[in-house]
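Enquirer: One structure, as structure tokens, below. Some questions next.
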Amino acid sequence: TCLDREADPLTSLSAACLCMLAVNPLVIESVSFQLSVSCVLGIFLFASPMYQWLIDKKRLGRWTGKNLRGKLVHYIATGTSVSLSASLFTVPLTALYFGTVSLIGVVGNLLILWLISFIFYGGVLLCLAGALWPWEAGVLGWTLAWPVRFVLGTAHLLAKLPLAAVYTTGEYIRLWLVAVYVLIGVFLLSKEKKPMVLASCIALSLVAAVLAQSVPPYFREHQVTMVDVGQGQSIILRSRGKVFVVDCG
């Protein structure tokens, strides 16, 4: 704006990264830096086309932007497109660093994303108010605690759902993840793009990978499995049709 040039999101992101690297070159090794940049990059590149596809030809139903239904459709389309586009580049990083891929993330974002801005700005206001009006700040903090509880509770509840996340410790899940990005590449290069076909292929290949991952252990004569139970670890021993569980405390 200062130079009277058209704004370019990718140029702005590159400039921000360059400034951070100039201050501390080692920031490039930070997982948070890599996740943040890849998330924003995915949103810049793919969020708008995804949003346009969702609202094109009234795929989410007939609506107008002024009524309640239109606002709800706009929110769903925006949240879905932003979540999916951000995941395109962050999923490989989470699989690499944390060994997991979230499948419930889009649903979680739709349920709690609208509260994040309120919580952030409320927290800033709470810090400012605490220095001047302690009693009022206490009331504000009590009020702000409820949306925070809702966000944490929703995330905790969704994490308990079956297949809320898959773990890349198994070779079949890793192969599925590679296949997903191959399918996405074919989809982006194809002239006639069919997102529903892509989504169906990803879902079916995930089912096949999960089944393939769970079947082989039952055909092995001996198997040892370590399970993280939250407060410790348990060891499950399978041998000749018998199962033993050892609680490690």
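Bear in mind that the values in this text are calculations on the coordinates, not laboratory data. Treat the numbers as computed from the prediction; the structure is a model and nothing was measured. Note that we place each Cβ from the backbone using ideal geometry, even for glycine, and neighbour counts take in every protein chain shown.
Enquirer: Using only Cα atoms, find the angle between the long axis of helix 9-23 and the longest principal axis of the chain, and express it within 0 to 90 degrees, rounded to the nearest 10.
Expert: 80
Enquirer: Moving on to the next point. Measure out, as a whole number of angstrom, how far apart the alpha-carbon centroids of segment 2-50 and segment 85-112 sit.
Expert: Rounded to whole Å, the Cα centres lie 19 Å apart.
Enquirer: At 0.36 nm per residue, minus the direct Cα-Cα distance, what do A131 and L21 gain on full extension? Give it in nm, one decimal, please.
Expert: 36.1 nm
Enquirer: Tell me, Kirkwood radius of segment 26-184 from alpha-carbon pair distances, in Å?
Expert: When all Cα pairs of segment 26-184 are included, the Kirkwood radius is 18.3 Å.
Enquirer: Here's something else I'd like to know. How do 45-54, 10-19 rank on mean C-beta neighbours within 10 Å, highest first?
Expert: Going by the mean number of other Cβ atoms within 10 Å, highest first, we get 45-54, 10-19.
Enquirer: Could I ask something else about it? Can you figure out the FRET efficiency of V210 with D56, using R₀ = 25 Å and their beta-carbon distance, to the nearest 0.05?
Expert: About 0.15, to the nearest 0.05.
Enquirer: Let me have the 222 nm mean residue ellipticity of the chain computed from DSSP H runs of 4+ only, each contributing -39500 (n - 2.57), with the sum over all residues rounded to the nearest 500.
Expert: Calculated from helices alone, the mean residue ellipticity at 222 nm is -22000 deg cm²/dmol.
Enquirer: Also: Where does helix 105-132 land angle-wise versus the long Cα axis of the chain, in degrees 0 to 90, nearest 10?
Expert: Tilt relative to the chain: about 50 degrees.
Enquirer: Separate question: Placing +1 at every Lys and Arg Cβ and -1 at every Asp and Glu Cβ, with all other atoms neutral, what dipole size does the chain have around its Cα centre, in debye to the nearest 20?
Expert: Rounded to the nearest 20 debye, it is 1060 debye.
Enquirer: For labels at L68 and T169 in the simple 7 Å Cα→Cβ model, what's the distance in nm?
Expert: Modelled inter-label distance: 4.7 nm.
Enquirer: Right, something else. So if I average 1/r over every pair of distinct C-alpha atoms in segment 152-224 and take the inverse, what Kirkwood radius in Å does that give?
Expert: Its Kirkwood hydrodynamic radius stands at 14.5 Å.
Enquirer: If packing is taken as the average number of other Cβ atoms within 10 Å across a peptide's residues, how do 90-102, 140-152, 235-247 rank, most packed first?
Expert: Per-residue Cβ counts within 10 Å, averaged per peptide and sorted highest first, yield 90-102, 140-152, 235-247.
Enquirer: Using only the alpha-carbon atoms, how far is helix 134-159 inclined from the longest principal axis of the chain? Give it as 0 to 90 degrees, nearest 10.
Expert: Long axis of 134-159 versus the principal axis of the chain: about 40 degrees.
Enquirer: Mean separation of Cα pairs under 8 Å and 6+ residues apart, divided by the residue count of segment 9-125: what relative contact order is that in percent?
Expert: 26
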